Amino acid sequence: MKDSSEYSKDEGELGKACAHRIRIGNTLIALLVPILVALLLWTQKSVIERVQQCSVDTIHRDTSFLHDAQPITSHEFINRRNRLAKALAASGVDGFVLEPGYTFAYYGNISQTSWEPWEPEERPFLMIIEPRVEKDGQIHARTSFLSPKFEEGRVRMLGIPSEESLNIVTWEEHWNPYQTLKQGLFSHKKDPLIMVDEEMRDFIVRGLSSNGFNTVGLDSEAEAVRQKKSSAEIEILRAVNTGTVEAVRAVRSCLVPGLTEDEVMTVLDNTLLSIGFSLFFDLVLFEENAALPHGGFVTGDKVLEQDTMVLIDVGAHYLGYSSDICRSFFIPPLKASRVEAFYALFTPGWFSSPKRNSSLREEKLKVWQLVLDAQSAAAETFIPGNRAKDVDIAARAIITQSGYGAMFTHRVGHGIGIKAHEAPYLHQGNNQVLRAGMTFTNEPGVYLIGRFGIRHEDVFLVKQNGPPEVLSGRRATGPYDP
């Protein structure tokens, strides 16, 4: 039998051995943790890069939606001004005045990209379109410009389409520009009647009014010139809106759990850029973040899960025209690779079956179909002679009948062209009559605060005869096929 001293000696040796093993263990942990963290970060980066490459590769499999879109020709810009001149003459207006902005681009030139857009500043730079009656009775536009004298050369370099040399009325810095305009173009008129564009800044309107001009706002005939799209405009709108929808579909087909809203947005942006579109806006909202139609103040870091309802609302530009579409969807089911399986060890829930809230999922599916039905009902009202409010009422009736009327919180749509949002606006109070050639978004939605939001948005062309034409490609058919 061992005495107490021998036991104490054995325990001491055992303690030393345990302490040595602990030190070795701690050293190994200290060495492994940075390696594992680095591997984890590398794996995450690899996942994002693979999603990005997958999305770009997917959309480039078929870019036929771009084939029929061509830049607006000089002849069309001149024809637009002639159509406006006829509308002005019919309204008894002496001239239409506008400054740099969307309308200026519409009548000037929106397809060129070699110069920086002229930003409105304190010195008035104006386009003036006057109706002129020719000897044969035809009405044509006389287009002139009011420019600071030192900017005249720059104005001539803009490449504004014209059948003759630009007529530019110039003013020196110490002159009154509005008096200069009146003397230069309207000296034969005592009180010329001028129609001002809706984008005109107030100080310029006041300057015109206080210097002998009578000013009026746009009327329906002048607005219709821009609202009724030409065949060339329709093809560009078809290209940019179909391409934007296909970009969303390409992104969706590659998504995996673990990505954030901001990461998905970056993938979408790069996908759009890869087909030659320029970026305008995008909203990527998951679950309850989409319960506010345009998101809240702090979004971007919510993480994608297998059963997340994703809402993407996005617009881009192509050849001067805008897209504005929205899709709501679930991501595809996943198959784990070896690397992803390793990643799953360190990311809870990566490939585990989600703990589904069956009642929540069922409501998502129900609302998804309801919103699609509302969009279909609204689309049926895109007929010449109907009123703008009829479109909104049709969609709202479907949603209200199902008990979600209070959750449809915005108008059903708006006109679209060189601006993503332009008149006519589709709300319950707008009695404006629809005309063939007008183009609109159709975007009903249902938003359940704290839970999720669903919106479907496509672009429609009002036809002279028959049903409207979808300009954003194939419509969504289900939450797994948006």
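Looking only at region 268-289, count how many residues are free of Cβ contacts under 8 Å to residues at least 60 places away in the same chain, crowded, with 16+ Cβ neighbours inside 10 Å and outside any helix (DSSP H, G or I).
Count: 5.
Would you be able to say whether some residue in region 132-149 is assigned to a helix (DSSP H, G or I), open to solvent by 20 Å² or more (accessible area, probe 1.4 Å) and not assigned by the TED database to the domain that holds Ile416?
Yes.
Of a type in the set (A, V, I, L, M, F, W, C), in a helix (DSSP H, G or I), at pLDDT 95 or above and within 23 Å of the chain's Cα centre (by Cα): is that true of Val367 in this structure? Don't jump to the end; show me each part of the working.
Values: of a type in the set (A, V, I, L, M, F, W, C): yes; in a helix (DSSP H, G or I): yes; at pLDDT 95 or above: yes; within 23 Å of the chain's Cα centre (by Cα): no.
So Val367 fails the test.
Looking at Ala85, Ala69, Ala90, which is the one that is of a type in the set (A, V, I, L, M), exposed (fewer than 15 other Cβ atoms within 10 Å of the Cβ) and modelled with pLDDT of 95 or more? Show your work before the answer.
Working: Ala85 fails: exposed (fewer than 15 other Cβ atoms within 10 Å of the Cβ); Ala69 fails: exposed (fewer than 15 other Cβ atoms within 10 Å of the Cβ).
Only one candidate passes the filter, namely Ala90.
Could you run through region 76-104 and say how many residues are farther than 18 Å from Arg132 by Cα and part of a helix (DSSP H, G or I)?
Adding up the residues that qualify gives 4.
Go through region 48-66 and report how many residues are buried (at least 17 other Cβ atoms within 10 Å of the Cβ), modelled with pLDDT of 95 or more and among the β-branched types (Val, Ile, Thr).
4
Matching residues to (1) over 21 Å from the mean Cα position of the chain (by Cα); (2) under 22 Å from His294 (Cα atoms); (3) outside the structural domain of Ala291 (by the TED database):
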| residue | (1), (2), (3) |
| --- | --- |
| Ser376 | yes, no, no |
| Ala397 | yes, no, no |
| Arg435 | yes, no, no |
| Met438 | no, no, no |
| Gly453 | no, yes, no |
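Which of the residues that make up region 290-304 are buried (at least 16 other Cβ atoms within 10 Å of the Cβ) and either free of Cβ contacts under 8 Å to residues at least 40 places away in the same chain or farther than 18 Å from Thr409 by Cβ (or both)?
Answer for region 290-304, where residues must be buried (at least 16 other Cβ atoms within 10 Å of the Cβ) and either free of Cβ contacts under 8 Å to residues at least 40 places away in the same chain or farther than 18 Å from Thr409 by Cβ (or both): Gly295, Thr299, Lys302, Leu304.
The values are calculated or read from the model by the stated rules, or taken from the named source; none is laboratory data. The model shown is predicted, which means the values in this text are computed figures rather than measured ones. Cβ: placed from backbone, ideal geometry, glycine included. Neighbour counts: every protein chain shown. For the accessible areas, the whole protein counts, side chains as well, though only heavy atoms, and no ligand, DNA or RNA atoms are used. Shrake-Rupley method; radii C 1.70, N 1.55, O 1.52, S 1.80 Å.
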